[in-house]
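*Asks:* I have a structure here, written as structure tokens, and I will follow up with some questions on it.
Nothing in this text is a laboratory measurement; each read-out follows from the coordinates by a stated rule. Since this is a predicted model, take the numbers as computed values, not measurements. Backbone-built Cβ (ideal geometry, glycine too); neighbour counts: all protein chains shown.
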Amino acid sequence: MTKPIDPVEYVPDASVYPGQSLADILESRGISQAELARRLDRPIQAVNEIIMGKKEIIPDTAIALEHVLGLPASFWLKLESNYRESLARNKENRELHTQEELSRAYPYSEMVAFEWVKDVRSPKERVEELLRWLGVAHLGLVPAQYEVAFRKSQKFSVSNEKLAVWLRHGEIEFQNQELESFDKEKASDLTKSLRSLTRVDIKRACKDAQSLCARHGIALIFTPEFKSFPVSGATRWISGNALVQVSLRFKTDDHFWFSIFHELGHVFKHKRELFIEDDMKIDNHGYEEEANQFAAEYLIPEAKYHEFLSKNPLIAESDIIQFAENISIAPGIIVGRLQHDKKIGINRYNRLKKRLCWTKN
């Protein structure tokens, strides 16, 4: 009776095809291919193809080899599995090398600074990190993944790679949100609650704003902006919930809150598609103007704004502070509106605006 061989005694190289290991074992036992074929009740051609690496060892064959050679079927199947994985890894390494050129277009150093990816040195590792972050098997698939976004971004100057990474951050953070069902009829409730946060410490305001939006079925995500990146916000829909993504591009509270309310205008007033905010302000369908009006009205009601202007033809800083107090909103937002409408100079009363910056949690 053949003595079973402990598979631990024989550890083949994973890059060597299983047939070579089988050939070594046959040689050590003095068994020919023809003899093995007879014992397995298999055609000699099938045995030869396994030994030459042209044919895989399938479960039935592995069990038969277990009976004939005393090595468990699991040994042969593991051998085959390791070899196939080795082939796949080698193929992947070759493909990773071909993607190194594509990877250079991505803002990797900024992604490292944001702690989105690891600070790795080799081009291959960078490609692997980008694939993990973007959730694709090949960087060449990114254009298809963000086809709509790239098509919209053709209207303004932005790197497609930066845009893909920026939008991807929103998607990743979206998965961490616990969201209620979206209800379009609750727009007024949400905007009133959010408006009161403009006078609160910004760190607390951001957390409270995210919680409020989540209770209304909206994921509010804050994403850092890249250098030379004209995008300040985006809105899209995932599984019935809205994803509102904003940056601190202009780093003042008036722009920050206007961006949030502008995106909410898209959520509550427009069809469920992707909107991307940029410097060009191209608006073929009037959607951007409607979103602007939505934000302007909810932040500073139009009737009260015009009443303020009529009572204060020469606008003083104290007038702005008092008006902000009267309508319960941050004075910087009023300054921003007055500057936008050219009621005051672009440099006047900027000290009433809060300067914002990204901080780690």
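*Asks:* Suppose we look only past 21 Å in the calculated P(r) of segment 80-151. What percent of the Cα-Cα pairs does that tail hold?
*Replies:* 33
*Asks:* Work out Dmax and Rg for segment 42-95 from the C-alpha atoms and quote the Rg first, both in angstrom.
*Replies:* Over segment 42-95's Cα set, Rg and Dmax evaluate to 12.7, 40 Å.
*Asks:* Using all Cα-Cα distances in the chain, what percent lands in each 10 angstrom bin from 0 up to the longest?
*Replies:* Result returned by the calculation: 5, 19, 21, 15, 11, 9, 8, 6, 4, 2, 0.
*Asks:* So if I take the centroid of the Cα atoms in segment 116-139 and the same for segment 264-333, what is the distance between those two points in Å?
*Replies:* Centre-to-centre (Cα) distance: 41 Å.
*Asks:* Given R₀ = 41 Å, FRET efficiency for Ser239-Gln322 by Cβ-Cβ distance, to 0.05?
*Replies:* In this case the efficiency is close to 0.35.
*Asks:* While we're here: Could you list the square roots of 5 times each eigenvalue of the Cα gyration tensor of segment 64-112, that is, the equivalent ellipsoid semi-axes, sorted largest first and rounded to whole Å?
*Replies:* Working from the Cα gyration tensor, I get semi-axes of 42, 11, 4 Å.
*Asks:* Still on this model: If you stretched the chain out fully between Val200 and Asp24, how much longer would it get, using 0.36 nm times the residue separation minus the C-alpha to C-alpha distance?
*Replies:* Working: separation 176, 0.36 × 176 = 63.36 nm, distance 7.54 nm.
Result: 55.8 nm gained on full extension.
*Asks:* Among DSSP bridges having both ends in segment 152-352, what percentage is antiparallel? Round to the nearest 5.
*Replies:* Around 65 percent antiparallel, to the nearest 5.
*Asks:* Here's another thing I want to ask about it. Share of antiparallel DSSP beta bridges in the chain, in percent to the nearest 5?
*Replies:* That works out to approximately 65 percent antiparallel.
*Asks:* Across 5 Å bins from the origin, how do the percents of Cα pairs in segment 219-311 run, short distances first?
*Replies:* Whole-percent P(r) values from 0 Å outward: 3, 13, 23, 23, 18, 11, 5, 3, 1, 0.
*Asks:* Based on the Kirkwood radius over alpha-carbon pairs, what is the Stokes-Einstein translational diffusion coefficient of segment 7-93 at 4 °C with 1.567 mPa s viscosity, in µm²/s? Mind dumping the intermediate values first?
*Replies:* On the way: Rh = 13.1 Å.
Value of D from the Cα-based Kirkwood radius: 99 µm²/s.
*Asks:* Further question: Can you give me the convex hull volume of the Cα atoms of segment 1-153, divided per residue and expressed in Å³?
*Replies:* Output value, Cα hull per residue: 159 Å³.
*Asks:* Another one. Rounded to whole Å and sorted largest first, what semi-axes of the equivalent ellipsoid does the C-alpha gyration tensor of segment 125-198 yield via the square root of 5 times each eigenvalue?
*Replies:* Whole-Å semi-axes of the equivalent ellipsoid: 32, 17, 12.
*Asks:* Which value in deg cm²/dmol, rounded to the nearest 500, describes the helix-derived mean residue ellipticity at 222 nm for the chain, given -39,500 (n - 2.57) per DSSP H run of n ≥ 4 and division by the residue count?
*Replies:* Mean residue ellipticity, 222 nm, calculated: -17000 deg cm²/dmol.
*Asks:* As an exercise, take the mean of 1/r over every pair of distinct alpha carbons in segment 295-361, invert it, and state the Kirkwood radius in angstroms.
*Replies:* When all Cα pairs of segment 295-361 are included, the Kirkwood radius is 12.5 Å.
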